[in-house]
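As structure tokens, the structure follows; a few thoughts come after it.
Where a number appears in this text, it was derived from the coordinates with a stated rule and is not lab data. Because the structure is a prediction, the values reported are computed rather than measured. We place every Cβ from the backbone using ideal geometry, glycine too, and count neighbours over all the protein chains shown.
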Amino acid sequence: MKFAAVIVAAGTGSRAGGAPKQWRLLKGRAIARWSVDTFKAMGAEPVVVVVGEGQRDEAERWLGDAGVVLVAGGATRTASVRSGLAAVGTVEAVLIHDAARPLVTQAHVETLLAALEDADGALPALPVADTLKRETQAGVATVDREGLWRAQTPQAFRLPPLRDAYARWPDEAPATDDAAVLEAAGGRVSLVPGDPLLMKITHPEDFAMVERLAEVTRVTRVGQGFDAHRFGPGDGVWLCGIKIAHPLTLIGHSDADAGLHALTDAILGAIGAGDIGDHFPPTDPQWKGASSDRFLRHAAELVRRRGGRITGVDVTLVCEQPKIKPHREAMRARLAELLDLPLEGVSVKATTTEGMGFTGRSEGLAAQAIATVDLPG
Ligand code: MG
């Protein structure tokens, strides 16, 4: 299903205190960026972010490289959603979401889109667990909570009925969520199970709670890489970022550091970001003789931009020569430095193929690597 997303990030954050909460950082990533990244990963196009007056610079700073459409918000949430909907173009469905609920996962999105099979709108909702009281001048009374739900976002809609409903909704009437607009127009709204992870950051103390909840949404992904380069006459080989003096060299377009190439591919593999040749085409003259450090740094930067963290790498070098063992600790230290990892998270190993095959005949050297990456779910 072709779907777009509208993220309302126009709040001033007065209740949460300080700067607008959508631009505060949660584990190094702006709050608004969390849902942008989730929707992008799910294929939402476009992702429209509605920003408040005077917040354009903050939005550019944190979302500038995210491929989103920024639009200006209105005086109310309802007006902001109208601006966002005007920018989504032609899609079958749209998700409307509050930026202050950063922990939306791909599973939430899948459930909501699936619910649109037989509804015009779907929203996550939690049953009310606490007993409800109403206090009036006449005193305190207990409210029957039967059939009451707490509505969360994202809310998913088929676009045409939602557009019709908004066209009929009075300009000045506030709606606290978008399902209310569809309900008023007689649209079919379906509830899907809500999730405490979809909590909204409202009060200052909510930041501490969302920090803790952010941990449970993390996933570990693993990538592997392999590379080989041929030996030729020379004065040394680059391996895992270290130059080893040797009567041969490794031949390649860049510095031919097979260890770093395999490791770069492993990291790219863990985040599904293609391979080293996609990012640094060997046909591009600017990478001729390039130090492979930059390939590895680039892959690590892509992980960081996704809100991820490399947690461990393991490289195996396969060759008869040069001898790796005397350089192994220097290689580990160099990789740890390049990836900003503690030494215990970095492993370099070496083996031979006992004289068999191209590595056994010292025609070339091979390397394989595995990387583990901790990512937002
Ligand atoms: Mg290579």
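So if we plug the beta-carbon distance of E45 and T136 into 1/(1 + (r/R0)^6) with R0 = 45 Å, what FRET efficiency do we get, rounded to 0.05?
0.40
Taking a ≥ b ≥ c as the square roots of the eigenvalues of the Cα gyration tensor of segment 3-216, is the shape rounded (a/c under 1.5), prolate (a/b larger than b/c) or oblate?
rounded
Full extension from A290 to A245: what is 0.36 nm times the residue separation minus their Cα-Cα distance, to one decimal in nm?
Going from the current span to full extension adds 14.3 nm.
222 nm [θ] for the chain, helices only, -39500 (n - 2.57) per DSSP H run of 4+, per residue, to 500?
Theoretical 222 nm ellipticity from helices: -8500 deg cm²/dmol.
Pull out the extension gain between V143 and E329, defined as 0.36 nm times the separation in residues minus the alpha carbon to alpha carbon distance; nm, one decimal.
Length gained between V143 and E329: 60.1 nm.
So what is Rg over Rh here for segment 18-103, counting just Cα atoms and using Kirkwood for Rh?
Taking Rh as the inverse mean 1/r over Cα pairs, Rg/Rh reads 0.93.
Distance from a point 7 Å along Cα→Cβ of E110 to each backbone N in segment 145-162: keep the residues under 20 Å and list them by number.
Hits in segment 145-162 for E110 at 20 Å: 153-157.
Could you work out how far helix 206-216 tilts from the main Cα principal axis of the chain, as a 0 to 90 degree angle to the nearest 10?
That helix lies at roughly 50 degrees to the long axis.
So how much slack lies between T311 and M209, counting 0.36 nm per residue of separation and subtracting their Cα-Cα distance, in nm?
My answer for the length gained is 34.3 nm.
Would you please calculate the Kirkwood hydrodynamic radius of the chain over all C-alpha pairs and express it in Å, rounded to one decimal?
Radius from the Kirkwood sum: 23.7 Å.
Mind pulling the angle between the C-alpha long axis of helix 31-41 and the longest principal axis of the chain? Nearest 10 degrees, somewhere in 0 to 90.
Relative to the chain, helix 31-41 is tipped by roughly 70 degrees.
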